[in-house]
There are 2 protein chains.
Amino acid sequence: MKPTDILQVHELKKTNSRLALIKALQESTFPQSENEMKSRMSDQYDRITFYRNVQALEDAGVIHRIVVDSHTVKYALNCCETEKKHQHIHKHVHFNCKSCGKTFCLENTDIQQYRLPAGFQTEECEVMIKGYCKFCSQK
Amino acid sequence: MKPTDILQVHELKKTNSRLALIKALQESTFPQSENEMKSRMSDQYDRITFYRNVQALEDAGVIHRIVVDSHTVKYALNCCETEKKHQHIHKHVHFNCKSCGKTFCLENTDIQQYRLPAGFQTEECEVMIKGYCKFCSQK
DNA sequence: GTTTTAAATGAAACATTGTTTCAATAAAAA
DNA sequence: TTTTTATTGAAACAATGTTTCATTTAAAAC
């Protein structure tokens with residue numbers, strides 16, 4: 001789906017910054033950090049606008065935010081680009097490689113339901129696994 | 001276990017900052033943010049020393065770090081204060097309340113084993129659940 | 001109990017990440 | 001083409017975390 005169509009579907013204005021941001025993620029094989037996206041967006045990158053747009057796109061359901069650790073946030077396109085916020089039912093596990101640092105959306109590894117103690121209500125659940133990825137583990 | 005004995009077991013020097021840090025956590029019912037601990041530690045708190053000591057105590061296996069979101073880190077004592085690093089086998093789920101903001105170590109809710117795609121090796125797994133806690137959900 | 005030694009502390013300065021306000025600009029509707 | 005409203009980018013700020021280095025302190029040696 002073209003960046004401009006994604007924005008159309010989500011009723012967001014088609015600005016150059018947003019188009020560049022989506023394009024940067026579409027061209028990436030893995031979830032990207034702000035710094036990685038900055039390189040890909042070149043002159044379309046402005047720090048302040050970036051923060052506002054990742055927020056807007058996350059709220060709209062276009063992208064999701066992956067907190068790798070307290071210093072590292074990465075961004076990835078949602079699997080179904082047209083879904084609105086809170087329609088992102090298919091929640092997957094995230095993986096971060098301790099060797100190469102790459103982050104993976106393990107689309108086929110669903111998050112399991114946790115039975116919590118009485119009185120606790122689940123609204124969201126994030127699973128962050130760290131270890132060695134398929135490219136690094138064989139070494 | 002007394003703070004001084006905890007440090008003894010882990011072969012760490014008994015400094016006032018460390019004793020105050022451990023005491024602050026022992027007096028807390030819930031995992032605490034740096035700011036909350038700062039209040040409890042009063043004049044024993046120094047920002048730089050605090051960062052160095054949470055690192056040292058985490059490495060030693062005295063405390064663990066909970067990344068609630070990219071802006072919020074909380075700290076809690078490990079359940080078995082005497083365990084060394086990487087002996088923390090009993091990994092539990094963390095819960096954050098969207099209403100009161102409190103964080104809970106759900107000691108009885110174990111993290112499940114995830115079957116990852118071929119080639120992916122798990123070393124650590126963090127589960128962060130957000131929703132409404134037992135104190136807030138009834139409202 | 002005193003001296004020695006190695007680790008821990010705290011000040012200063014810096015780095016990174018993220019936010020707020022506000023005037024200028026650009027997208028989309030009229 | 002004009003009008004309206006959201007978006008942008010500059011400036012300034014705020015929070016979180018790190019590095020270097022001289023000083024201090026804990027614990028070991030004497």
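Nothing in this text is a laboratory measurement; each read-out follows from the coordinates by a stated rule. This is a predicted model, so every value here is computed, not measured. All Cβ positions, even for glycine, are placed from backbone atoms using ideal geometry, and neighbour counts span all protein chains on display.
Details
- Cα shape, the range A:1-66, gyration tensor, a/c 1.5 rule: rounded
- When both bridge partners sit in the range B:3-131, DSSP labels roughly 75% of those beta bridges antiparallel.
- A simple spin-label model places pseudo-atoms 7 Å from Cα toward Cβ; at A:Arg115 and A:Cys100 they are separated by 3.9 nm.
- Taking a ≥ b ≥ c as the square roots of the Cα gyration tensor eigenvalues, the protein assembly as shown comes out prolate, since a/c reaches at least 1.5 and a/b is larger than b/c.
- About the centre of its Cα atoms, the protein assembly as shown shows a dipole size close to 200 debye [charges on the beta carbon of Lys, Arg (+1) and Asp, Glu (-1) only; nearest 20 debye].
- Here the calculated FRET efficiency for B:Thr15 and B:Cys79, from their Cβ-Cβ distance with R0 = 41 Å, stands at 0.95, rounded to the nearest 0.05.
- Normalised by the number of residues in the range B:3-131, the mean separation of alpha-carbon contacts (under 8 Å, six or more apart) gives a relative contact order of 21 percent.
- Using a 7 Å Cα-to-Cβ projection, B:Asp69 label spacings across copies, nm, ascending: 2.2
- Inter-site label distance for B:Thr122 and B:Asp46 at 7 Å from Cα along Cβ, in nm: 4.2 nm
- Spin-label pair B:Asn35/A:Glu107, simplified geometry with 7 Å Cα→Cβ offset, distance in nm: 4.0 nm
- Charge dipole of the range A:3-131 about the Cα centre (unit charges at C-beta), most positive-ward option of A:Gln26, A:Ile6, A:Asn78: A:Gln26
- Amide N proximity, the range A:52-74 versus A:Glu27 label position 7 Å along Cα-to-Cβ, cut-off under 12 Å: none
- Shape call, chain A: gyration tensor on alpha carbons, a/c limit 1.5: oblate
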